[in-house]
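The values are calculated or read from the model by the stated rules, or taken from the named source; none is laboratory data. On a predicted model such as this, the values are computed, not experimentally measured, just so you know. Cβ coordinates were reconstructed from backbone atoms using ideal geometry, including for glycine residues, and neighbour counts include every protein chain displayed. SASA here: full protein model, heavy atoms, side chains in, ligands and nucleic acids out. Shrake-Rupley method; radii C 1.70, N 1.55, O 1.52, S 1.80 Å.
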Amino acid sequence: MDDLELQEDLLLNELGDAADEGGMLYEHFRVVADKGQQPVRVDKFLFEKLQHSSRNRIQKAAEAGFIHVNDRPVKSNYKVRPDDVVTLMLDRPRHDDTIIAEDIPLEVVYEDESLMVINKAAGMVVHPGCGNFHGTLVNAIAWHLRNLSSFDPNDPEVGLVHRIDKDTSGLLVVAKTPDAKTRLGVQFFNKTTHRSYRALVWGNLKEETGRIEGNIGRDPKDRLRMCVFPPDSDIGKPAVTHYKVVERFGYVTLVECVLETGRTHQIRAHMRHIGHPLFGDERYGGMEILRGERSTTYKAFINNCFQLCHRQALHAQTLGFVHPVTGEQMDFTSRLPQDMEQLIDKWRNYIKGTTRNTFENDIN
């Protein structure tokens, strides 16, 4: 799953002062326009190429003299033409993205010569990126496998087969060999793996089960968030999520989500799309009181819940796949982490003292 924690592009995240006359500039990004390129503003052109950046930041980079075309700085309104060489030149060298082994504790659920299954804690970034070059899951894996001469953490042919977000907890599989990663990757591509998540969402869902289908692509108004588009549109990538109600708490519902596809922020975007954002999911509107009473007591209760589990309430609970070497079916289950268990218990205790009729008008 391309499940990296979306962040603004490192290249444009911390623009320096305007480049001094004759100052040293370093190339961070280069793209050559196609021979059939239609004239288009350079800020729009780069907005499509630098997926994790905003158009506003690109315009600021141009103002600072950091956007070059054919080795000369240009303004945002420059029209890119066929064969133009567009570069992002910054006043500092590129960050060294070599993955270094770091002694970070890992919860290894299973391990053999071909693979390992890890239960990731919430709050751990999966892969080094903007602002997170150390302390990631990949750095921890590199340390754990530091004595395995055949494993190179900087080799893309081995390592993580899929990802989950920084603040999502749960199961991930790591390939130790190129053959294992290829075979596991084929299973993810063909959708023959099984992955289910537990999520606490706002609202009392009308149906016990449901299917959410809608393309997922970057939100044009917020590049750090994904948005759902019609399945028959040309925007985004096709995505399908199945959900089943596990337990109802009146104003929130515990659901099981099974992924048919694995898009960035799929569950978070899909649940928000149907009006049931994940509880505590600040990026998708789940850190607001979306259902329930207006009383001071209820507001205090919700704020206590947010403090108890200060992240989106989402856990990758099960993972199933066929072993790439033995052909054996491998199935793993991870219990809910403490913060989500405590959050759910708090809601259970809350509804014990509340009549069922209170929630009847809160369906959807």
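GNM on the chain, alpha-carbon springs under 10 angstrom: the most fluctuating residue among Gln312, Gln38, Gln187 is Gln38. In the full protein context, region 220-364 carries 50 Å² of accessible surface per residue, based on a 1.4 Å probe and ignoring ligands, DNA and RNA. Placing pseudo-labels 7 Å out from each Cα toward the beta carbon at Arg72 and Glu207 gives an inter-label distance of 5.9 nm.
Shown here are the Rg and Dmax of the Cα trace of region 242-361, at 16.5, 58 Å.
Keeping the other protein chains in place, figure out the carbon and sulfur percent of the accessible area of the chain, with a 1.4 Å probe.
46 percent
For the chain, the mean residue ellipticity at 222 nm estimated from helices alone is -6000 deg cm²/dmol, where every DSSP H run of n ≥ 4 contributes -39500 (n - 2.57) and the total is divided by all residues, rounded to the nearest 500.
What whole-number value in cubic angstrom gives the convex hull volume per residue for the C-alpha atoms of region 176-295?
Given the Cα convex hull of region 176-295, per-residue volume reads 139 Å³.
Rg and Dmax of the chain, based on Cα coordinates, read 23.0, 73 Å. Charge dipole (Cα centre; +1 on Lys/Arg Cβ, -1 on Asp/Glu Cβ; no other charges) of the chain amounts to roughly 1220 debye.
Hey, how much of the P(r) for region 249-314 falls beyond 15 Å, as a percent of Cα pairs? Each step should come with its number before you reach the end.
Numbers: 1144 of 2145 pairs.
Considering region 249-314, 53 percent of its Cα-Cα pairs are separated by more than 15 Å.
Where in the chain lies the longest segment free of GluC sites (Glu not before Pro) that are both loop residues by DSSP (not H, G, I, E, B) and have at most 16 other Cβ atoms within 10 Å? It runs 22-101.
Computed from label points 7 Å out along Cα-Cβ, the spacing between Ala101 and Val325 is 2.0 nm.
Based on protein heavy atoms only, region 24-150 ends up with 55 Å² per residue of surface accessible to a 1.4 Å probe.
In this structure, the residue pairs whose Cα-Cα separation is over 26 Å, taken from Lys49/Lys75; Lys244/Lys352; Lys35/Lys60; Lys60/Lys166; Lys244/Lys299; Lys75/Lys237, are Lys35/Lys60; Lys60/Lys166; Lys244/Lys299; Lys75/Lys237.
Based on the Cα atoms of region 37-184, what semi-axes does the equivalent ellipsoid have, where each is the square root of 5 times one gyration tensor eigenvalue, given in whole Å with the largest first? Before the final figure, lay out each step's value.
Numbers: eigenvalues 308, 51, 42 Å².
Three semi-axes, in Å: 39, 16, 15.
Applying 1/(1 + (r/R0)^6) with R0 = 30 Å to the Cβ-Cβ distance of Arg81 and Asp152, what FRET efficiency is obtained, to the nearest 0.05? Here the calculated transfer efficiency is 0.15.
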